[in-house]
């Protein structure tokens, strides 16, 4: 955990995530966000290749988000890169657009991987970063990256992405156990697609529509219960007193309640869980700080 970064930045985790929302969510339409005009210091860059979303986040030396982009992309499945060239093209395009806003080149980036991914596949993630024109400065498992932002001392971080549910248990701020199993937001979309006779793409959009989520909740609840069962299995017989959910899937209302009911452990989700892991990955990039 890189706790001093947050202290140096003078920002709480919620403030870090609010700033990430401000500079990543709008996609900015080619306009440089506030804070870039006079910044010429070291950059910390992170690439998060998710099953559903690819995120490129750029922070200043103290960990404050400066600029970034995210894009729906199915180039990874269950933590494994399945479309190498597609992933490279997406990261390259993001890199070019962000460079135009920064007025400088991105030469390095850290990246992340779900716990339990085979070593050769972890290397594939680094290869995507390097093929996109950046040195892969570091690789970190995703729950540990998330804790760079959250600063959790004890408890469990559960990263529910598009394809997998990753669990990290922390004691005294150190990760002592990790696990990862297939089941994530993509599975919610597949269930919706089957129930409503929609294409996967249509179901994905419907899932993200706040006006439809209450109606969809009974349909997707069984998948959430499976996620809860995965978490319960890995925290069982361990002294876990709290759970924090991160990733894109916890944005769906009701999932916190389901996980809490199944595990019996108090569960919460930060303001925008989607950017916790990408920002935490970028914090692992120390290339310009050495």
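The values are calculated or read from the model by the stated rules, or taken from the named source; none is laboratory data. All values reported here derive from a predicted model rather than from experimental measurement. Backbone-built Cβ (ideal geometry, glycine too); neighbour counts: all protein chains shown.
Assorted remarks:
- For segment 30-51, the set of residues classified as crowded, with 21+ Cβ neighbours inside 10 Å and either under 18 Å from residue 117 (Cβ atoms) or modelled with pLDDT under 70 (or both) consists of 46, 47, 48, 49, 50, 51, listed by residue number.
- Residue in segment 150-158 that is over 30 Å from residue 243 (Cβ atoms), in contact (Cβ under 8 Å) with a residue 12 or more places away in the chain and more than 19 Å from the chain's Cα centre (by Cα) present: no
- Filtered by the rule that a residue be over 19 Å from residue 278 (Cα atoms) and either touching a strand residue (DSSP E or B) at 6+ places or on another chain (Cβ under 9 Å) or not assigned by TED's automatic domain parsing to the domain that holds residue 156 (or both), segment 247-257 gives 255, 256, 257.
Quick grid of which residues meet (1) under 20 Å from residue 284 (Cα atoms); (2) in a helix (DSSP H, G or I); (3) without any contact (Cβ under 8 Å) to a residue 40 or more places away in the chain:
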| position | (1), (2), (3) |
| --- | --- |
| 88 | no, yes, no |
| 92 | no, yes, no |
| 95 | yes, yes, yes |
| 98 | yes, yes, no |
| 101 | no, yes, no |
| 116 | yes, no, no |
| 120 | no, yes, yes |
| 130 | yes, yes, yes |
| 138 | yes, no, no |
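- Extreme residue, surrounded by the most Cβ atoms within 10 Å (Cβ to Cβ), among residues of segment 206-246 that are assigned to a loop (DSSP other than H, G, I, E, B) and touching a strand residue (DSSP E or B) at 6+ places or on another chain (Cβ under 9 Å): 240
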